[in-house]
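This report concerns only the one structure given below.
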Amino acid sequence: MTQWVVVGTGALGMQWAQALHDSGEAVSLYVRDSEAAVVRLQTTQNSQVRELSLPRCQSAKDAGADAVWLLFVKAWQLEPLLRQLQGEGLADDATLIVSHNGLGAGEAYLAQQPNWQVYDLVTTHGAWRQNRYHSVLAGLGQSWIGRRQPTACAGTESSASTESSASTESSAGSVSGSEPPHWLDKLAAAWPPLQWDADIEQRRWRKLAVNCAINPLATLAGGVNGVLRSEEARAQIRAICEEIANVNPMLDADELVAEVQQVIRATAGNRCSMLQDIEAQRATEIDYLNGYVCEQGQQRQVFTRVNCEVAERIRQLELKSGVRSLE
């Protein structure tokens, strides 16, 4: 029987824990700020509040050999978390499902663990935390999962160049290990629709474009996603998507813009995670969103002025809120 270990109490992580538990799977919760043997969660869907009690996984070494780890974390949290788990005795051939906004997080570190079985999950489900242990489902979407592909020189490259190399290999079709894992049917049954994507890297780039267009612009506007239906916002969205398509020629700018506009319509009343982070004086994922695009543009000598400007404006907001210091 597969043992599912959900890391932390992120909004989507709690929803996946509830879904897996409801489908009869064995689920535990890895949290560091609790000594209790059982962690009590609440999840809200369609205004219905449910309570869930899960056993606490106290240390990585306590997880079974067949454990599948679900890491729904902020991009900047990923590498410190991986180091923590490895220090606690995470299995050398551990299975990890990683889901976060943006690209470039923890790439070099992951590449140094060739025996880890790492999968990327991209989802359009929306959720937010009402409090530390209460997740509210904001909207249903769909999810894709695929095997992250190793890169030959990742151990000596920066995280950004590592990600770029992975994307190039994936785009060229040199994808190995494309067979779905044995536990996929259980995960898909827990919260459908979930599809296997042998080229998950391009799916991540498309999600990157959506996040780069919506999150910082809605945050700078200080409003729900629906504020981006203005003509001014449409022009900015177009510029952001065109620059991302220039950085990754496998993408089509028109398709990206259409996808962004569809997400805006579907989430018009939602406050994006970046705006929530700024309001709560938490670090944002801007370095792994527009900041990542800006870095890639500089490396490839591709014009990414709009993404660079947007990233800098969000960093200034972080400075004002005290979550980013002058370097």
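For region 220-238, the set of residues classified as of a type outside the set (D, E, K, R), farther than 19 Å from K207 by Cβ and assigned to a helix (DSSP H, G or I) consists of L220, A221, G226, V227, A233, A235, listed by residue number. Look through region 6-53, keep the residues that are acidic (D, E) and surrounded by fewer than 17 Cβ atoms within 10 Å (Cβ to Cβ), and return whichever of them is nearest to L187 (Cα to Cα). If we take residues in region 6-53 being acidic (D, E) and surrounded by fewer than 17 Cβ atoms within 10 Å (Cβ to Cβ), then D22 is nearest to L187 (Cα to Cα).
Being part of a helix (DSSP H, G or I), open to solvent by 20 Å² or more (accessible area, probe 1.4 Å) and modelled with pLDDT under 95 is a condition met by no residue of region 206-219. Out of all the residues in region 115-136, which are closer than 24 Å to L187 by Cα, open to solvent by 30 Å² or more (accessible area, probe 1.4 Å) and either basic (K, R) or free of Cβ contacts under 8 Å to residues at least 60 places away in the same chain (or both)? N115, R129 - these are the residues of region 115-136 that are closer than 24 Å to L187 by Cα, open to solvent by 30 Å² or more (accessible area, probe 1.4 Å) and either basic (K, R) or free of Cβ contacts under 8 Å to residues at least 60 places away in the same chain (or both). Only one entry of A108, A91 meets the criterion of being assigned to a helix (DSSP H, G or I) and buried (at least 18 other Cβ atoms within 10 Å of the Cβ), and that entry is A108. Test V260 against the stated conditions and say whether it is of a type outside the set (G, A, S) and at pLDDT below 95. Against the criterion (of a type outside the set (G, A, S) and at pLDDT below 95), V260 does not qualify. Scanning region 111-126 for residues that are over 22 Å from Q3 (Cβ atoms) and not in a strand (DSSP E or B) gives A111, Q112, P114, T124, H125. Scanning region 267-297 for residues that are hydroxyl-bearing (S, T, Y), more than 15 Å from Q316 (Cα to Cα) and part of a loop (DSSP other than H, G, I, E, B) turns up just one, T267. When region 1-33 is filtered for residues that are aliphatic (A, V, I, L, M), under 13 Å from W69 (Cα atoms) and not in a strand (DSSP E or B), the ones remaining, listed by number, are A17, L20, V31.
Scanning region 111-133 for residues that are in contact with a helix residue (DSSP H, G or I) (Cβ under 7 Å, 6 or more places away or on another chain), among the aliphatic types (A, V, I, L, M) and modelled with pLDDT of 95 or more yields a count of 2. Per the conditions (1) farther than 20 Å from Y30 by Cβ; (2) at pLDDT 95 or above; (3) outside any loop (DSSP other than H, G, I, E, B), the sole criterion not satisfied by V136 is (2). Of all residue pairs spaced 6 or more apart or on separate chains, those with beta-carbon atoms under 9 Å, a first member in region 305-327 that is at pLDDT below 90 and a second member that is surrounded by 17 or more Cβ atoms within 10 Å (Cβ to Cβ) and polar (S, T, N, Q) are V323/T284; R324/T284. Candidates T284, T267: the one that is within 17 Å of K207 (Cα to Cα) and touching a strand residue (DSSP E or B) at 6+ places or on another chain (Cβ under 7 Å) is T267. Based on what the data block shows, is V302 touching a residue at least 12 places away in the same chain (Cβ under 8 Å), touching a helix residue (DSSP H, G or I) at 6+ places or on another chain (Cβ under 6 Å) and buried (at least 22 other Cβ atoms within 10 Å of the Cβ)? So V302 does not fit the description; no. Tell me yes or no: at least one residue of region 272-281 is open to solvent by 70 Å² or more (accessible area, probe 1.4 Å) and not charged (D, E, K, R). Yes - at least one qualifying residue is present in region 272-281.
Quick one: which residue in I264, I244 is closer than 23 Å to Q316 by Cα, in a helix (DSSP H, G or I) and of a type in the set (V, I, T)?
None of the others qualify; the one that does is I244.
Note on region 54-84: among residues that are in a strand (DSSP E or B) and more than 27 Å from T124 (Cβ to Cβ), the one that is most open to solvent (accessible area, probe 1.4 Å) is P55.
Checked against (1) touching a Gly at 6+ places or on another chain (Cβ under 6 Å); (2) crowded, with 22+ Cβ neighbours inside 10 Å; (3) not aliphatic (A, V, I, L, M), Q3 passes all but a single condition, namely (2).
The values are calculated or read from the model by the stated rules, or taken from the named source; none is laboratory data. Small disclaimer: the values here were computed from a predicted structure and weren't measured. Because the Cβ atoms are built from the backbone with ideal geometry, glycine has one as well, and the counts that use them run over all protein chains shown. Heads up: the accessible areas ignore ligands, DNA and RNA and are worked out on the full protein's heavy atoms, side chains in. Shrake-Rupley method; radii C 1.70, N 1.55, O 1.52, S 1.80 Å.
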